[in-house]
Every structure is written in structure tokens, then in C-alpha cells.
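Just so it is clear, none of the values below were taken in a lab; they were calculated from the coordinates. Just so we're clear, the structure is a prediction, and the values are computed from it rather than from any experiment. FYI the Cβ positions are ideal-geometry reconstructions off the backbone, even for glycines, and counts take in every protein chain you see.
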Amino acid sequence: MGITIPAISCRPHAPQVQFPPEAPMAARQQILCAQCDKAEDYCTCEKYCCICKGMEGVRLAMDGLYYCPDCREACDVPLAND
């Protein structure tokens, strides 16, 4: 009997609204943390990757969630406010 490990998805479990980076409204609007509604510089949440739960190099992305560099690149999620 083998143990089946579920595949890790690049998308968070809860549906998120996505704005393409070229959208004019997204260019003017500051992206906020999905949990505390603060900009990355002012967010005091525990920052960890929403995919792998890693804490190394985690940054806020356009969807308001935090990703490590590897998961952000694999899921093709742009950084927020960059």
C-alpha cells in the first residue's frame, strides 16, 4: 500500500479576483495584504508563502497574497507595487 500525496496547486484555495498587470486601475491602485489590508511596508502579518509555507524571500504579490520567489515564478504571479 502506497501513500498518495496530493499535487500542490499554484493557486490559493479561496478564489481571488485577478487584475492583469496592464490594467490602468491596477497601475494606480496600491496592492494591500489580503489579511490586514495594509501595504507590504506596513503589514505586520506573519509573512510566509501561501503555496509552500516557506519564509525565505517572501513578498506581496498582485493578488494580495505572499509568495516565495520560486512559487511566485512557477505560478507567474507579479509582485505588488513594483
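Of the residues in region 35-63, how many are among the small types (Gly, Ala, Ser), crowded, with 19+ Cβ neighbours inside 10 Å and not in a strand (DSSP E or B)? Of the residues in region 35-63, 0 are among the small types (Gly, Ala, Ser), crowded, with 19+ Cβ neighbours inside 10 Å and not in a strand (DSSP E or B). A Cβ distance below 6 Å, combined with a sequence gap of six or more or placement on separate chains, defines the contacts here; from region 51-64, residues that are under 15 Å from Cys36 (Cα atoms) reach residues that are acidic (Asp, Glu) and surrounded by 15 or more Cβ atoms within 10 Å (Cβ to Cβ) in the pairs Leu60/Glu40.
Taking region 66-82 as the range and being within 14 Å of Leu32 (Cβ to Cβ) and either surrounded by fewer than 20 Cβ atoms within 10 Å (Cβ to Cβ) or in contact with a Phe, Trp or Tyr (Cβ under 8 Å, 6 or more places away or on another chain) (or both) as the test, the residues that pass are Tyr66, Leu79, Asn81.
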